[in-house]
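First comes the structure, then the notes that go with it.
The values are calculated or read from the model by the stated rules, or taken from the named source; none is laboratory data. Note that the structure is predicted; figures quoted are calculated from it, not measured. Because the Cβ atoms are built from the backbone with ideal geometry, glycine has one as well, and the counts that use them run over all protein chains shown.
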Amino acid sequence: MSISLADVRFQWQRALGLIRRGMASLRARGWQATWQRVERQLRRAPASQRAKLHFPADAPFAPFAVPDSGNPRASIIVPVYNQAAHTLACLRALAEHPPQAACEILVVDDGSSDQTQAWMTQVAGLHFHRRAQNGGFIAACNDGAARARGEVLVFLNNDTVPQPGWLDALLDTFDAQPDAGLVGAQLLYPDGRLQEAGGVVFSDGSAWNYGRFESPEDPRYASLRDADYCSGAAIAIPRRLFESLGGFDTRYTPAYYEDTDLAFSVRAAGKRVLYQPASRVVHLEGITSGTDLNHGAKAYQVRNRELFERKWRDALSAFPAPGVLPAPATVHAHQRQILIVDEAVPQPDRDSASLRLFNLMKMLRHENAHVVFLATEHAPPPQALAALQALGVEVWYPPFSQSPPAWLSSHGPRFSVVLACRYHLAEKILPLARKHAPQARFVLDTIDLHYLRESRAAELADNAALAKAALRTRQRELSVVAAADTTLVVSGTEREVLAKDAPASRVEVLSNLHEVAGPGLPFAQRRDLVFVGGFRHTPNVDAVRWFVQDVFTLLRPRLPDAVFHCIGGDVPDSIAALAREGVVIHGHMPSLEAAMNGMRVAVAPLRFGAGVKGKVNLSMAHGQPVVATLCAVEGMHLQDGVDVLVADDARAFADAVVRLYSDEELWNRLARNGLENVARHFSLDAARETVRKIFL
């Protein structure tokens, strides 16, 4: 593949950026911490191109048991006609990896002449029903639905091998998406390639298995999305909705197009049809009916397409013409498409900036925008990737994304807005966006004003080299602000700074975004002190060192039973060495619920920085009062003694902690007012109009 000038320019700017950031890290962190960052930067995780699959052992029949609940949430309906060996493999897979959800399994025998009846009646827990005569796939499914007791009906072909967790992923979708009416699984070939990532329908009623023969990990097919239909080989639908729609339409008897028709009926009823890639099912395509459209049951596919087209002609007029190759640009053509670019996928359990970005994408998805996330540098951790894909975000990352110039050249025309995080990435992405997505509005998300933070660090350290570096950062950051269509800052204070430093630029405040968790445990049931913050952020390193060495030594004699808990990832040796009696350095904790709901007082002893402090928002969103420095509450609409206690020197800070830790009335007042502050200024509802104005 030839290398374009845009590729060369991007790689050169990337190299310069790494050198600049490396030098800044050396000055701020020293060589050991800097080398660890370099290792992370260069590390590349291999991408699996095919799914790792589970298959039950191919052994002679012997009696076994399948899950069976007296009060099932889901009824798994398996229509069968001969092919007993495939039915056996399907049931063995269900038995070997039973779902967490309560379920029942119904096998509906449509007049088999093989070992089906003899084997199925020996499977403990299985609900077996033999129809009086063969009526076809649709009749068997409708019979099974009439006998089901579960809240959700799950139709599963007998020539499938459901993978561990498949059913729970389908059911969880209904919990996470209240407007979901039908959810389909990701269908795979036995060799791990993708068979279907939801179906695409054309204006003549013909259909296409989206993603066929591709990798199931491919970003185009790996996220939750609305589908035109989902194959009836593995779909879930609430029983009441299925009954209200009259079940599978019998005009398509014996089979084919009944699943596509059902999806259109679900949408006509005001519900969504969703493809759920977290639910994986191997489908041995063509086992029952073959693949020849001219012979056997498969011939009904041609006839039924004409029936389907006549029934849904008006609705189909809005669908693309046949022959248009399905791709993200066309599959999501009816949605506003927004690109968000950062070096890595956000990990909301690790830092405030990640939580803010994650919640922004959640808000955009709730507004029915199609969100695409491009990670320019790092393959994501599986948990962080899955969290975004579960929202319906199309996540691109190495190696699937190739180079950003090449990727933007292919995908740029589909976006209405391009947002880049932090100035040093935005200065590389902006020229590419102008070239490949000229129709898109370019938004710079500062996260915080880097030059403001760096200049404050230089002033605190009285370091001329840091001050000089901050001036260089200022020049670069302001040049990107000037070139962007819109710049996002997290506080009114930073907007005022840019009003002076970049008066011609459009600047909007989009602050931290938090879910209001609620009050947590009452005062009497809480104890100890807590700090939350990742240590890749230099201000946090300084804050914890100052608190333990200068503040905690003063308050320890006055609160001898109170333990200080320090929570945050990437702990350097200098922070680990602070552990002592009364000081616990936890490192990263995947869940903060216990700390937020059960610890009495949070501390934010930051001596420099910029932006809005997520650690303060996080505690207040859980009803946990905070003692903070003036820097830590800048731009947060907080008043000393009303919402928070503020102190800047060590003795005053220790006094404030002791006072808040001991005064239940004060604690309750600050806890209540902190919750109200988050709801008013930092909740998703508070930001909704701003998000709509900028992106929609």
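When the range 385-394 is examined, which residues are found to be more than 15 Å from LEU360 (Cα to Cα) and buried (at least 20 other Cβ atoms within 10 Å of the Cβ)? Correct list: LEU385 only. Residue check: SER206 meets all listed conditions (1) under 27 Å from ALA321 (Cβ atoms); (2) in contact with a Ser or Thr (Cβ under 6 Å, 6 or more places away or on another chain) but one, namely (2).
Residues that are under 27 Å from the mean Cα position of the chain (by Cα) and not assigned by TED's automatic domain parsing to the domain that holds THR446 do not occur anywhere in the range 650-660. Return yes when LEU444 is assigned to a helix (DSSP H, G or I) and in contact (Cβ under 8 Å) with a residue 40 or more places away in the chain and no when it is not. Here the answer is no, as LEU444 does not meet what is asked. Among all positions in the range 202-209, there is at least one residue which is out of contact with any helix residue (DSSP H, G or I) (no Cβ under 7 Å at 6 or more places or on another chain), without any contact (Cβ under 8 Å) to a residue 24 or more places away in the chain and within 23 Å of GLN335 (Cα to Cα). Among residues belonging to the range 178-198 that are small (Gly, Ala, Ser) and either in a strand (DSSP E or B) or not assigned by TED's automatic domain parsing to the domain that holds SER279 (or both), point out the one that is farthest from PRO219 (Cα to Cα). The qualifying residue farthest from PRO219 (Cα to Cα) is GLY181. Return the total of residues in the range 618-641 being β-branched (Val, Ile, Thr) and assigned to a helix (DSSP H, G or I). Matching residues across the range 618-641 total 1. Of the residues ALA145, ALA59, the single one that is under 36 Å from the mean Cα position of the chain (by Cα), farther than 21 Å from LEU187 by Cα and of a type outside the set (Ser, Thr, Tyr) is ALA145.
Between LEU529, LEU554, the distinction of being more than 14 Å from PRO605 (Cα to Cα) and among the hydrophobic types (A, V, I, L, M, F, W, C) belongs to LEU554 only.
Results for (1) of a type in the set (A, V, I, L, M); (2) surrounded by fewer than 13 Cβ atoms within 10 Å (Cβ to Cβ); (3) at pLDDT 80 or above; (4) in contact with a strand residue (DSSP E or B) (Cβ under 8 Å, 6 or more places away or on another chain), shown as yes or no for each residue.
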residue: ALA15; (1), (2), (3), (4): yes, yes, no, no
residue: ARG21; (1), (2), (3), (4): no, no, no, no
residue: GLN32; (1), (2), (3), (4): no, yes, no, no
residue: GLN41; (1), (2), (3), (4): no, no, no, no
residue: PRO56; (1), (2), (3), (4): no, no, yes, yes
residue: PHE61; (1), (2), (3), (4): no, no, yes, no
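Residues in the range 220-261 that are among the hydrophobic types (A, V, I, L, M, F, W, C) and not in a helix (DSSP H, G or I): ALA222, LEU224, ALA227, CYS230, ALA233, ALA234, ILE235, ALA236, ILE237, LEU245, PHE248, ALA255. The selection criterion, being touching a Lys or Arg at 6+ places or on another chain (Cβ under 8 Å) and within 30 Å of ALA15 (Cα to Cα), holds for ASP342. Restricted to strands (runs of 3 or more DSSP E) entirely inside the range 461-577, those with at least 2 residues that are surrounded by 14 or more Cβ atoms within 10 Å (Cβ to Cβ), of a type in the set (Ser, Thr, Tyr) and not assigned by TED's automatic domain parsing to the domain that holds GLY598 are 486-489.
Okay, residues lined up against (1) in contact with a Ser or Thr (Cβ under 7 Å, 6 or more places away or on another chain); (2) of a type in the set (Val, Ile, Thr); (3) at pLDDT below 95:
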{"residue": "GLY518", "(1), (2), (3)": "no, no, yes"}
{"residue": "PRO522", "(1), (2), (3)": "no, no, no"}
{"residue": "ARG527", "(1), (2), (3)": "no, no, no"}
{"residue": "VAL532", "(1), (2), (3)": "no, yes, no"}
{"residue": "ARG536", "(1), (2), (3)": "no, no, yes"}
{"residue": "ALA543", "(1), (2), (3)": "no, no, no"}
{"residue": "PHE547", "(1), (2), (3)": "no, no, no"}
